[in-house]
Amino acid sequence: MSNVAQNLKKVLADLPEGVRLVAVSKFHPVEMLREAYDAGQRIFGESHVQELMQKVEQMPKDVEWHFIGHLQTNKVKYLAPFISMIHAVDTVKLLREVNKQAERCGRVIDVLLELHIAEEETKYGFSPDACRQFLESGEWRELHHVCIRGLMMMASFVDDREQIRGEMQLAADLFDELKQKYFADEPSFSERSWGMSHDYPIAIETGATLVRVGTAIFGERVY
Ligand SMILES: *Cc1c(COP(=O)(O)O)cnc(C)c1O
């Protein structure tokens, strides 16, 4: 068995039922994606549009591509025809653009709202209050070509596991609050995307439904 297949198997063994794995393959060659594919993995996460477009060409058609990085509005049009989920919708402007491009393609695109909870200032996303305000505004109800499936976040990149847990729990609590207030009748609002190679076990404990794992499967990235 290849390294990739072995690593994949190990990560999958850690995931309880109901938690899906996004194999984060950014910066890794398509040969490695193929190894994961051959071992049964179908959901792949990428964070650069051009790189993703090249890989789409070379991979089988039944791959579910998730875009997990920061997305510029002017690049949405490239993803709209095929993307399965956009994890990091961090502005209303981006959500409107995804809606517009999805409409052009006759699709409804699944998206997650990205929360900014981590202490790092550079991270993108809605603050919890901005997220509440946005949903309260109701504009999203008019955007019929996007489906808000849930929330996404990245915890601070620290060793302090209690801090990581605290940030993820905050996201989980906000999810419950928003679910009750705006999506009680919509089973589609069900996804919690958090957890990476170093913190996905904590993510599982705090209710993640999608974990985004790269290094633990494919090894260190060479930039
Ligand atoms: C790169 C990346 C990951 C995966 O990180 P690893 O530490 O390699 O598991 C997860 N989520 C996002 C948004 C990323 O950009």
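Just so you know, all these numbers are worked out from the coordinates, no wet-lab data involved. Only a predicted model underlies this, so the values are computations on that prediction, with no experimental measurement involved. Here the Cβ positions follow ideal geometry from the backbone for every residue, glycine too, while neighbour counts run over all protein chains shown.
Each of 140, 65, 194 was scored by other Cβ atoms within 10 Å of its Cβ. Listed from fewest to most, they are 140, 65, 194. Note on the chain: GNM, Cα springs under 10 Å; of 207, 138, 195, the largest mean-square fluctuation is that of 138. For region 115-181, the dipole from Cβ point charges (+1 on Lys and Arg, -1 on Asp and Glu) about the Cα centre works out to 380 debye, to the nearest 20.
Over the chain, the pair-distance histogram of Cα-Cα distances with 10 Å bins from zero comes to 8, 34, 38, 18, 2, 0 percent, rounded to whole numbers. Enclosing the Cα atoms of region 147-199 in their convex hull gives a volume equal to 67 cubic angstrom per residue. Over all pairs of different C-alpha atoms in region 86-173, the reciprocal of the mean inverse distance, the Kirkwood hydrodynamic radius, equals 13.8 Å. Over the chain, dividing the summed -39,500 (n - 2.57) contributions of all DSSP H runs of at least 4 residues by the number of residues returns a 222 nm mean residue ellipticity of -12000 deg cm²/dmol. The lysines within cross-link reach of residue 61, meaning a Cα-to-Cα straight distance under 20 Å and a gap of 8 or more places when in the same chain, are 26, 77. Note on the chain: with a GNM built from Cα contacts shorter than 10 Å, the maximum mean-square fluctuation among 75, 26, 61 falls on 61. Using C-alpha pairs under 8 Å with a sequence gap of at least 6, the mean separation divided by the residue count of region 117-223 gives a relative contact order of 24 percent. Residues considered: 157, 189, 82. Largest GNM mean-square fluctuation over the chain, using C-alpha springs under 10 Å, is found at 157. Each semi-axis of the equivalent ellipsoid for region 102-223 is √(5λ) with λ an eigenvalue of the Cα gyration tensor; in descending order they amount to 26, 18, 13 Å. When +1 charges are put on Lys and Arg Cβ atoms and -1 charges on Asp and Glu Cβ atoms, the dipole computed for region 1-132 relative to its Cα centre reaches about 440 debye.
So what is the diffusion coefficient of region 1-113 in µm² per second by Stokes-Einstein at 20 °C and 1.002 mPa s, using a Kirkwood Rh over Cα pairs? After rounding, the answer is 145 µm²/s.
Here residue 139 and residue 82 are evaluated by their C-beta separation; at R0 = 30 Å the FRET efficiency comes out at 0.70.
In this structure, the amide hydrogen of residue 147, modeled 1.01 Å from its nitrogen in the peptide plane, lies closer than 5 angstrom to those of 109, 110, 111, counting only residues at least 5 positions away or on a different chain.
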